[in-house]
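Only one structure is covered here, and it is reproduced in the block below.
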Amino acid sequence: MSQLPNNFGFADPEQIADTTRELTYIAAISEALREEMRRDPNVFVMGEDIGGTFGGAFKVTKGFTDEFGEKRVLNMPMAELGFVGAATGMALMGLRPVIEMQFADFISTAFDSIVQFAATNHYRWGAAVPWVIRAPSDGGLRSGPFHSQNPEAWFVHTPGLKVVAPATPADAKGLLLAAIRDDNPVIYFESKPLYRSEKGYVPPGDYVVPIGQANLARTGNDLSIITYGAQVREALTAAEQLAVEDIDVEVLDLRTLKPLDTEAILTTARKTGKVLIVHSANRLVGVGAEVAAIISDQAFEWLDAPIRRLGGLDTPIPFSPPLEDAYRPNAAKIVQMAKELAAF
Amino acid sequence: MSQLPNNFGFADPEQIADTTRELTYIAAISEALREEMRRDPNVFVMGEDIGGTFGGAFKVTKGFTDEFGEKRVLNMPMAELGFVGAATGMALMGLRPVIEMQFADFISTAFDSIVQFAATNHYRWGAAVPWVIRAPSDGGLRSGPFHSQNPEAWFVHTPGLKVVAPATPADAKGLLLAAIRDDNPVIYFESKPLYRSEKGYVPPGDYVVPIGQANLARTGNDLSIITYGAQVREALTAAEQLAVEDIDVEVLDLRTLKPLDTEAILTTARKTGKVLIVHSANRLVGVGAEVAAIISDQAFEWLDAPIRRLGGLDTPIPFSPPLEDAYRPNAAKIVQMAKELAAF
Amino acid sequence: MSNYSLTRDQKLEIYYWMRLTRTFDDIAVAYWKQGRGVGGMFSERGHEAISVGTGYALAPEDVVAPLHRDLGCYLLRGLTLRRVFSNLLGRATGTNAGRDANMHGSGDMSLNLVGFISHLPQTVPVALGVAMSFVYRNEPRVAMTYIGDGSTSAGLFHETLNMAAVFNAPLVLIVENNQYAYSTPLVQQMKIPDIATRAAGYGIPGNIVEGNDVEAVYAVTKEAVERARAGGGPTLIEAKTMRMMGHAIHDGAEYVPRELLAEWERKNPVILFEQQLLAQGLTDQEELDEIKHRCEIEVTDAIEYAEKAPLPDPATVEQGVYAE
Amino acid sequence: MSNYSLTRDQKLEIYYWMRLTRTFDDIAVAYWKQGRGVGGMFSERGHEAISVGTGYALAPEDVVAPLHRDLGCYLLRGLTLRRVFSNLLGRATGTNAGRDANMHGSGDMSLNLVGFISHLPQTVPVALGVAMSFVYRNEPRVAMTYIGDGSTSAGLFHETLNMAAVFNAPLVLIVENNQYAYSTPLVQQMKIPDIATRAAGYGIPGNIVEGNDVEAVYAVTKEAVERARAGGGPTLIEAKTMRMMGHAIHDGAEYVPRELLAEWERKNPVILFEQQLLAQGLTDQEELDEIKHRCEIEVTDAIEYAEKAPLPDPATVEQGVYAE
Ligand SMILES: Cc1ncc(C[n+]2csc(CCOP(=O)(O)OP(=O)(O)O)c2C)c(N)n1
Ligand SMILES: Cc1ncc(C[n+]2csc(CCOP(=O)(O)OP(=O)(O)O)c2C)c(N)n1
Ligand SMILES: [Mg+2]
Ligand SMILES: [Mg+2]
């Protein structure tokens, strides 16, 4: 990761005036992007429908064309494979494209370019590809199999990428800045269910959360929940409920999925001896499998119970509310599994 | 899976005459394809360069155009995404396309069509997609980052697919027949390093290895190696060497990666209490992570040692011999890790 | 085109499907605006002549893969309003029993209807494969599918048409050029005035048709369909129209100039066809009103049915991933 | 085209690069046939006029992304024979120190050379991005890349050219139509006689050139490059030639009719250019022989260098995955 510059004081005046600095998760993303584009002329955004008066399917770049002009807000034809390839070319020339996938689900369309070209380039011939793909992911919103996906495991498995997944407004900002400044291709999974419902303090100005560091979101002694993205909120909710029943839960928010913060994972596993891993993505060969494998290898002697995992089912993500609810992890299911594990 | 018909007696006369029936791994693939095309007029092959006098990059379909005609040997333009989509359409109409990817590495080009359309179709609206993709995978052949890949983890993670990976000539035939007769999209990873160097008895005629059943390739008491594909041979070689040092190794060949044979995995893990998981694919969030996670969940109380994994490194696959050898698992590395594990 | 002239009964049938489509759309849009819907919903307003005119050109044994704005085609192929509205509400009685959203995955092979997916234009090569299956089996059948102007920017447009030409497949591809891809106008998508121009790059015919004139749409499609059936290979048809509402129900489409909408509203395909039918002396206002009334009753029935229908049982969530 | 006439020195320089390319190829092919190579190897025999004629039309500040048969372009951009042959043998002194095979990944941004990958034609949109970076920064520079006839069947051909037109990017795309994609002849790839026809579908110029005539290739490319530099946008150039050996070294290409090869051998681009130079009275056989001799010495030197060069240290295998 490149050196972190000072705060250049570009934070939005309105927001500076607001000393509480409570922002929604999505406003934090938007702020990070805007401030970074003000700071660094090499940073620009590209994607479908992100320009003009429209500002993207989720309005993250609303007003950006007015402020930055069409050259730095590239409204792309519907050709993800081609435009991710083009972003790679721009990045090779030292620009820092931030690509918006309209939904994370569509990232499979650009897969070849991501996993074969961008991911391998530095290893193969030493040329850096400093782009970021923003991928609005996760469900619970009755959007069906193609607007609800969590495809991070494909990319964590692939050598040469970095992958982050913020769970709070502050991390949404701090990890986006880190991702943009990183000299490697970074996939930034943002959680749609947090967009407008998750609010929190966001430091003004230059605030960077380093890639590769997990966050201990709650300390506890009985059991560790290791999770990320929208499930962090579910895990914290579950922890509250479990506290009532005298189960003292630690919650580790991974924040970065590649590279994983192995030290933090092992520390919490060794501390509590009982681990529940949770993510929205389907469980099978998910990131949680890797976390379980790491623990069963390197914290084996500290374990007091089997390692449990809770993830999406091994089915496409169904649309209808009762089916989607059955598919998806949530606080209630976490409580249930945590209780069983605590009693082991 | 559809009902298995009888042997219609279509085996090649030459091969019937050869009572030993020792075939190479690649000849077994070719035989399975040829016999199945003779048996079922709905089965056909499609892919790049597979037709005419050429018969494919590895000659698996050599002579097929002569025998079956151009209608059943579709030589495709270089457009994997489009022609896998077309295969899905043909499969929807009750045909059974067997698609040859020229190299498994190029499967990422067709990714969108595989993971989004074909994989989800039956769940979404009940129409079956009975195709097979043959994907020549794995390395050790000095072919560099784009002709050596093992991308199975992407597909095992994806709901709605089946994934197989034969390790012997007999399984190469038996699993290909099973895959073709299966009513679902199946990805069949064949191991290039085994093509011509691995020989063995192959049952004549109709020989089906059911999808979903692992094979205990060697029994032992001290330690289990769970593996698949080309690493089965490495594991068996390692087991011989370990036997000399009185380490009695069990080798489980998974054969099918999706659905995994959880029972067989748990049985061997519970029996020996020590597990080493090996695959050529890069280790991180690989299929081995899932195997480790399953064991650490469901065989926890039987374990006497940490679960170890050996896989490819988290780098692209390098070309130059010393680098590729450092990248790739092999018998010597297995011996080394198994010894440490046995001593735990 | 005169070879494929329509009888009075056929024209009134076409009118019925167009009117039913529009009535469904009016009522469904209102339903969603009242906050009673589940998930999102796509309006197909403005696409009635295309979806019905093209769909009507097919024989029952032909196979079609319609998209999100092709409700008319689904209905005339036999997908019932009850199944459609049930699916919109995520009911067990919906086309796919609540597995997929809105019109996605609304296929039914017994009706020779292929379900689509979001990833545009992934259905296009699938339709090519259907057409190739007819070549494989020597069947005189045709496959037809649709693509939006926006989706023609994707590589599959190219891969599919090229392969369709190479395999001389009986495929008809309808480009629904409705001026916008979500918020993106044509001028930001391509530097050519007519998408049909691209057909020459594959060595296949490319036609342009006024997409709000159902008789013209029918005629040009029918000709392409019968040519394909006779072994003449694929055709590209570009039907020009306008998306009259937002991209989906949540989208107010403020980015579309109001004058453009007003201009196209004057070419409302349903009204245009009514005027043609009246001018041709084939019907009178009373009969048209009667059809309209019938459509309202049918849509109302579908909604009532769907509202009462059960939601899927969560215990079934893992069923059906694989064909057994 | 007359605006871009070449001096005698320039022509002899072009001849030198073409001859060097051919000499390298002859020797490398023989080396591999003797079983001394590591991994596979692609011959670019027949492509000398294209790779050199196009590459020579670029200014040093322009960026080029050559493919597996564009050795001439790599060399004239400054990639040394020593680095190239070292890479073929997987040595630490190779362009990418043994990470990637044969000419794959032979990029060097200090030479404005982009490395390619196997997945065809993934380098094409990357070159578009390079061109878009010039628009972004208002730099009068041009990006150029190549695509085989076979790879034009892939969707990226379409996506890239359409976006290049939309963004008026200074991109020159050379189609190397060498009649075959591996074993597959043109007639099984497309139903059109000229790939350049497709340019009209993007609203950009499409030119056809005799790919074995280096002066013609240079002229048409130079015109496109300077047009792009002046803000005139992208151009497609289809250069017709023939792949004179198998797809790669292991491939005997029995599927290619011998008469076709004989016909094209009469148009051998290196010999053709020698004849033109002699006919134009610009050189004599002695000078040509002298250049040829120089090329042999250089190639021999590269091989000796590479053979003595160290293999990479296995301890470095995990280095360089990420830029720090
Ligand atoms: C591969 C892919 N990328 C992005 C989207 C999101 N998306 C849905 S519809 C749409 C615009 C499509 O425009 P067009 O093809 O013209 O169809 P229309 O909606 O205008 O009928 C976009 C970008 C998608 N569905 N698929
Ligand atoms: C996506 C992809 N699919 C398949 C291949 C395997 N392959 C390598 S070269 C080739 C043929 C390419 O033909 P063409 O583009 O005409 O280039 P040429 O080799 O003739 O110069 C194929 C199919 C590949 N490299 N990439
Ligand atoms: Mg449109
Ligand atoms: Mg070629």
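What follows draws every value from the coordinates through simple rules; no lab data is involved. Just so we're clear, the structure is a prediction, and the values are computed from it rather than from any experiment. Virtual Cβ from ideal backbone geometry, glycine too; neighbours counted across all protein chains shown.
Exposure here means at most 15 other Cβ atoms within 10 Å; with trypsin sites (Lys or Arg not before Pro) in a DSSP loop as sites, the longest stretch of chain C lacking them is C:138-265.
The lysines whose alpha-carbon is closer than 27 Å to the alpha-carbon of A:Lys173, local same-chain residues fewer than 8 away aside, are A:Lys59, A:Lys62, A:Lys71, A:Lys162, A:Lys192, A:Lys199, A:Lys258.
Each Lys and Arg Cβ is given +1 and each Asp and Glu Cβ -1; about its Cα centre, segment B:192-344 then shows a dipole of about 400 debye. If a helix is a whole DSSP H run, which ones in chain D reach 30 Å or further along their own axis (Cα) and hold a mean Kyte-Doolittle hydropathy of at least 1.6? Helix filter hits for chain D: none. The relative contact order of segment A:13-201, computed from alpha carbon pairs under 8 Å that lie at least 6 residues apart in sequence, is 26 percent. Counting Cβ atoms of other protein chains within 10 Å of each residue's Cβ and taking the mean over peptide B:276-284 gives 2.
Based on Cα contacts under 8 Å between residues 6+ apart, segment B:139-240 shows a relative contact order of 29 percent. Sorted from shortest to longest, the distances between the B:Gln241 label points of this copy and the other copies are 5.3 nm, with each point 7 Å from Cα along the line through the beta carbon.
The Stokes-Einstein estimate for segment C:175-317, based on a Kirkwood radius over Cα pairs and taken at 37 °C with 0.692 mPa s viscosity, is a diffusion coefficient of 174 µm²/s. Between this copy and the others, label points of D:Glu254 are 6.9 nm apart in ascending order, each placed 7 angstrom from Cα in the Cβ direction. Within 10 Å of the Cβ of each residue in D:23-31, the mean number of Cβ atoms contributed by other protein chains is 0. Here segment B:215-342 carries DSSP beta bridges of which approximately 20% are antiparallel, counting only pairs with both residues inside.
Where chain C is rotated onto chain D, the residue of C whose Cβ comes nearest the axis, and that gap in whole Å, is C:Gly155, 1.
Per residue, chain D reaches -13000 deg cm²/dmol at 222 nm when only DSSP H runs of four or more residues are counted, each adding -39500 (n - 2.57).
Segment A:121-157 and segment A:280-299 have Cα centres separated by 18 Å. When each full DSSP H helix of chain A is screened for a Cα extent of at least 15 Å along its own axis and an average Kyte-Doolittle hydropathy of at least 0.5, the helices passing are A:80-92, A:169-181, A:287-298, A:331-342.
Evaluated over chain D, the count of Lys pairs having alpha-carbon atoms less than 29 Å apart is 17 (only pairs 8 or more residues apart or interchain).
Whole-percent P(r), the protein assembly as shown, all Cα pairs, 10 Å bins from 0: 2, 9, 17, 22, 22, 16, 9, 3, 1, 0. Only beta bridges with both residues in segment C:7-312 are counted; by DSSP, about 10 percent of them are antiparallel. From its DSSP helices (H runs of at least four residues, each -39,500 (n - 2.57)), chain B gives a residue-normalised ellipticity at 222 nm of -10500 deg cm²/dmol. Answer with one residue from D:Leu6, D:Asn87, D:Val270: the one whose Cα lies farthest towards the positive end of the charge dipole of chain D, charges on Cβ with Lys, Arg +1 and Asp, Glu -1. Ranked along the dipole, the leading option is D:Asn87. Summed over all non-identical Cα pairs, the Kirkwood treatment of segment A:215-342 gives a radius of 14.4 Å. Over chain B, what is the percentage of antiparallel beta bridges among all DSSP beta bridges, to the nearest 5? Percentage antiparallel, nearest 5: 20.
Inter-copy label distances for A:Lys333: 3.5 nm (label point placed 7 Å from Cα along Cα→Cβ; shortest first). Among B:Val45, B:Val285, sorting on how many other beta-carbon atoms sit within 10 Å of each Cβ, with the fewest leading, yields B:Val45, B:Val285. Taking every C-alpha pair closer than 8 Å and separated by at least 6 residues, the mean separation divided by the residue count of chain A gives a relative contact order of 16 percent.
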